[in-house]
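A quick write-up on the structure given underneath.
The values are calculated or read from the model by the stated rules, or taken from the named source; none is laboratory data. Since we're looking at a predicted model, the values are computed, not measured. Counting neighbours? That spans all protein chains shown, and the Cβs are built from the backbone with ideal geometry, glycine included.
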Amino acid sequence: MKRAIISVVIVIVLLVGFIVCIPLVNDFSAKNIEKQLIEIALPDNTELIESLSKANKLVGNGNGMQYFGAVLIRSEQSLDELSAYYSQKLDNIVVKEQKKARIECVEHGELFFNTHVTETEDYFIVYLFGEGLPLFSNLDIRGH
């Protein structure tokens, strides 16, 4: 009888532990995308201001987790120069001007930089959508 109870408790603990790990693993996958962006050497006359990541349903319709990483930079280079530089570093990387703290490419929910971004300064967002582990991606309620 004791063994049966212990076995049930162990199964419940493992199941609860797995369920709790799902969002943590997905957040870690998004954090890895952010880390990829941070590790790219900055172009000349450019400084890294802030970085962030998010795992959630961020754009489009339907179900599915999306993994997003972004860096906010300030640069004396033009948008075209920055786009050319970053496109040599990673596929599917996007560079856009950033005129406010809100991140416009996210359609579902709101995502903001903590930095006070103004239109008078040369801020740019460099971002990338990536992938996570399929099992955890499919089981995370945030993607539905």
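Conditions (1) modelled with pLDDT of 95 or more; (2) within 19 Å of Asp91 (Cα to Cα), marked per residue:
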residue: Ile6; (1), (2): no, no
residue: Ile10; (1), (2): no, no
residue: Val13; (1), (2): no, no
residue: Lys35; (1), (2): yes, yes
residue: Glu47; (1), (2): yes, no
residue: Ser53; (1), (2): yes, yes
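Give me a count of the residues in the stretch 21-56 that are part of a helix (DSSP H, G or I) and surrounded by fewer than 10 Cβ atoms within 10 Å (Cβ to Cβ). Break it down stepwise before answering.
Pass one, the stretch 21-56, residues part of a helix (DSSP H, G or I): 21-39.
Next cut, surrounded by fewer than 10 Cβ atoms within 10 Å (Cβ to Cβ) only: 39.
So the answer is 1.
Only one of (1) over 29 Å from Val25 (Cβ atoms); (2) in contact with a strand residue (DSSP E or B) (Cβ under 8 Å, 6 or more places away or on another chain); (3) not in a loop (DSSP other than H, G, I, E, B) fails for Ala84. Which number is that?
Here Ala84 clears every test but (2).
Take the residues in the stretch 92-110 that are buried (at least 18 other Cβ atoms within 10 Å of the Cβ) and over 21 Å from Asp44 (Cα atoms); name whichever of them is modelled with the highest pLDDT.
Ile103
Kindly list the number of the only condition in (1) at pLDDT below 95; (2) in contact with a Ser or Thr (Cβ under 8 Å, 6 or more places away or on another chain) that fails for Leu135.
All conditions pass for Leu135, except number (2).
Identify the residue in the stretch 96-108 that is assigned to a strand (DSSP E or B) and more than 15 Å from the chain's Cα centre (by Cα) and, among all such residues, is farthest from Ser75 (Cα to Cα).
Applying the filter and picking the extreme gives Lys96.
Quick one: is Tyr67 buried (at least 18 other Cβ atoms within 10 Å of the Cβ) and free of Cβ contacts under 8 Å to residues at least 60 places away in the same chain?
The answer is no for Tyr67.
In this structure, is Ala30 among the small types (Gly, Ala, Ser) and under 15 Å from Tyr127 (Cβ atoms)?
Yes, satisfied.
Run down Ser29, Ser87, Ser75, Ser7 and say which single residue is in contact with an Asp or Glu (Cβ under 7 Å, 6 or more places away or on another chain) and among the small types (Gly, Ala, Ser). Explain how you work it out, then say what you get.
Working: Ser29 fails: in contact with an Asp or Glu (Cβ under 7 Å, 6 or more places away or on another chain); Ser87 fails: in contact with an Asp or Glu (Cβ under 7 Å, 6 or more places away or on another chain); Ser7 fails: in contact with an Asp or Glu (Cβ under 7 Å, 6 or more places away or on another chain).
So the residue among Ser29, Ser87, Ser75, Ser7 that is in contact with an Asp or Glu (Cβ under 7 Å, 6 or more places away or on another chain) and among the small types (Gly, Ala, Ser) is Ser75.
For residues that are within 17 Å of Phe129 (Cβ to Cβ) and among the small types (Gly, Ala, Ser), scanning just the stretch 77-91, find the one that is surrounded by the fewest Cβ atoms within 10 Å (Cβ to Cβ).
By that ranking, first place goes to Ser87.
Determine, yes or no, whether Val117 is surrounded by 13 or more Cβ atoms within 10 Å (Cβ to Cβ), aliphatic (A, V, I, L, M) and under 17 Å from the mean Cα position of the chain (by Cα).
Values: surrounded by 13 or more Cβ atoms within 10 Å (Cβ to Cβ): yes; aliphatic (A, V, I, L, M): yes; under 17 Å from the mean Cα position of the chain (by Cα): no.
No.
One residue is enough: does the stretch 65-74 have a residue meeting the conditions farther than 17 Å from Leu42 by Cα, small (Gly, Ala, Ser) and under 18 Å from the mean Cα position of the chain (by Cα)?
The answer is no; no qualifying residue exists.
Hey, among Asp27, Asp91, Asp80, which residue is out of contact with any Pro (no Cβ under 9 Å at 6 or more places or on another chain) and closer than 15 Å to Gly143 by Cβ?
It is Asp27.
State all residues of the stretch 33-60 that are among the polar types (S, T, N, Q) and within 18 Å of the chain's Cα centre (by Cα); if no residue qualifies, say none.
Result: Gln36, Ser51, Ser53, Asn56.
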